[in-house]
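Worksheet: the structure to be examined is printed underneath.
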Amino acid sequence: MIEKTLKQVPMSEISPLITGLIDEGVDVTILVTGSSMRPMLTHLKDTVVLTKCDPCSLKKGDIPLYLRENGQYVLHRILKVNPDSYDISGDNQWELERDVKHSQILCVVKGFRRKGKYHSCDEFLYRLYESTWRLLFPFRKLIKKTYLKLDCRK
């Protein structure tokens, strides 16, 4: 019997493999780490399917994998499209990261898996969530504070 083991590897170590596969047109699935994209993506539970994209043609709502200037790899949602860059934020955040350059974009999320079920970013319910959550951006801080107050009463 083959035993299945998971090993966490830093993105900096596997990035050349991932970008190489994506450049060849192969979609790559990775495990989500971090909480910045909650409630959509859950740390160490959900996976995302990354696919090749034209970094200059992304639109509001897309979730690119990009490389920050400090070397950190990030999956966040595009909230504003500028001529040469994007303003981006995680679903669990209320501050914008401004001017993410097209050259920083490596690929984009095509879909995700939760509890073994695949969900495409083209699905109606996903698009409804994405557009609603994007419109709620100015109110996220208040929403989170209210949720935490209500959650603490349990």
Name the pairs: first residue in region 1-25 and in a helix (DSSP H, G or I) and at pLDDT 75 or above, second residue of a type outside the set (Phe, Trp, Tyr) and open to solvent by 60 Å² or more (accessible area, probe 1.4 Å), Cβ to Cβ under 8 Å, at least 6 apart or on different chains? ILE22/LYS52; ASP23/LYS52
Here are LEU41, LEU50: which of them is within 10 Å of the chain's Cα centre (by Cα), aliphatic (A, V, I, L, M) and not in a loop (DSSP other than H, G, I, E, B)? LEU50
Among (1) free of Cβ contacts under 8 Å to residues at least 24 places away in the same chain; (2) open to solvent by less than 40 Å² (accessible area, probe 1.4 Å); (3) farther than 26 Å from GLY25 by Cα, where does SER89 come up short? (1)
Would region 19-26 turn up any residue that is of a type in the set (Ser, Thr, Tyr), open to solvent by 30 Å² or more (accessible area, probe 1.4 Å) and more than 15 Å from the chain's Cα centre (by Cα)? yes
Pairs, please: C-beta under 6 Å, at least 6 apart or cross-chain, first residue closer than 19 Å to HIS43 by Cβ and open to solvent by less than 100 Å² (accessible area, probe 1.4 Å) and in region 114-129, second in a helix (DSSP H, G or I) and small (Gly, Ala, Ser)? none
Counted residues, region 58-86 - those being surrounded by fewer than 17 Cβ atoms within 10 Å (Cβ to Cβ) and acidic (Asp, Glu): 2
Would you call GLY61 in contact (Cβ under 8 Å) with a residue 60 or more places away in the chain and over 22 Å from GLU13 (Cβ atoms)? yes
Residues THR51, THR47, THR42, THR29: which one is of a type in the set (Ser, Thr, Tyr) and open to solvent by 40 Å² or more (accessible area, probe 1.4 Å)? THR29
Kindly indicate whether TYR147 is farther than 19 Å from THR33 by Cα, free of Cβ contacts under 8 Å to residues at least 12 places away in the same chain and under 14 Å from the mean Cα position of the chain (by Cα). no
Would it be correct to say that LYS141 is assigned to a strand (DSSP E or B), more than 19 Å from ASP46 (Cβ to Cβ) and among the charged types (D, E, K, R)? no
Residues that are modelled with pLDDT under 95: list the strands (runs of 3 or more DSSP E) wholly contained in region 64-137 that include at least 1 such residues. 105-114
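The values are calculated or read from the model by the stated rules, or taken from the named source; none is laboratory data. Keep in mind the model is a prediction, meaning the values are calculated, not measured. Note that each Cβ is placed from the backbone with ideal geometry, even for glycine, and that neighbours are counted across all protein chains shown. The area values use the complete protein model at the heavy-atom level, side chains included, leaving out ligands, DNA and RNA. Shrake-Rupley method; radii C 1.70, N 1.55, O 1.52, S 1.80 Å.
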